[in-house]
Amino acid sequence: MKDLWFICRRPAKNTLLTQAMMSKRLQWAKEHQNWTAEDWNKVCFSDESSVQILSDKAVFVRRRKGEKFKEDCIIKRVKHPFSIMVWSIISSKGTGGLYIVEGTMRQDQYIQVLETKMLPQVQEWFPNGEFTFMHDSAPCLKAKKVTRFLNAQKVKVLDWPGNSPDLNPIENLWEL
């Protein structure tokens, strides 16, 4: 295999999409195809992600035959890795702070995040108020109470196709 230039790599990830999801993504792309760099520079992309501590995911070693159980070829793992949920925001102006989510994100907690983290950050980045906020289609993020809060704050929200994490640039931040 090595002679054929095969090397060990993590597989590329892709979202499993139905035909309906693909149609919605295509429609979204057509609706935004004429956006300029200036338009996209005003978008604040947000997301939440789970971070695992002491996880053995995506660890590789190179070893020779017979070295499988050699000390430096073994990774010790815990049965249940510790995990925390975090939320953040990015834009062309930079990255926002990291907010640790207590448990699972719920609509009331999300409103608190928007009020105490998102709004102050976007006001710093865009003091004139000219920005568009992006969040995905998770149920707690799209709850009526959240929508009412954003409307009351006069926050313009970018319509986002469901199951489209690959379109959100903040996903690249989570991969670091």
Qualifying positions in the range 85-101 - exposed (fewer than 13 other Cβ atoms within 10 Å of the Cβ) and within 26 Å of Ala37 (Cα to Cα)
Gly94, Thr95, Gly97
For Thr104, all conditions in the list (1) of a type in the set (Val, Ile, Thr); (2) at pLDDT 95 or above; (3) surrounded by fewer than 17 Cβ atoms within 10 Å (Cβ to Cβ) hold save one; what is the number of the exception?
(2)
Filtering the range 1-52 down to residues that are part of a loop (DSSP other than H, G, I, E, B) and aliphatic (A, V, I, L, M), which residue is modelled with the lowest pLDDT?
Met1
Given the conditions (1) at pLDDT below 95; (2) out of contact with any Phe, Trp or Tyr (no Cβ under 8 Å at 6 or more places or on another chain), and given that Arg148 satisfies all but one, which numbered condition is not satisfied?
(1)
Picking from Gly97, Gly103, which residue would you name as being outside any strand (DSSP E or B), out of contact with any Gly (no Cβ under 9 Å at 6 or more places or on another chain) and closer than 14 Å to Ile170 by Cβ?
Gly97
Selected residue [within 21 Å of Trp40 (Cβ to Cβ) and touching a Pro at 6+ places or on another chain (Cβ under 6 Å)] from Glu124, Glu130, Glu171
Glu171
Restricting the range 75-92 to residues that are part of a loop (DSSP other than H, G, I, E, B) and without any contact (Cβ under 8 Å) to a residue 40 or more places away in the chain, the one nearest to Val59 (Cα to Cα) turns out to be Ile75
Which of the residues that make up the range 134-166 are surrounded by 12 or more Cβ atoms within 10 Å (Cβ to Cβ) and of a type in the set (A, V, I, L, M, F, W, C)?
Met134, Ala138, Cys140, Leu141, Ala143, Val146, Phe149, Leu150, Val155, Val157, Leu158, Trp160
Among the candidates Phe82, Phe126, Phe60, Phe131, single out the residue that is surrounded by 12 or more Cβ atoms within 10 Å (Cβ to Cβ) and either within 23 Å of Ser50 (Cβ to Cβ) or within 20 Å of the chain's Cα centre (by Cα) (or both).
Phe131
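The values are calculated or read from the model by the stated rules, or taken from the named source; none is laboratory data. For clarity, every value in this text was computed on a predicted model and none was experimentally measured. Every residue, glycine as well, gets a Cβ built from its backbone with ideal geometry; the counts of neighbours run over all protein chains shown.
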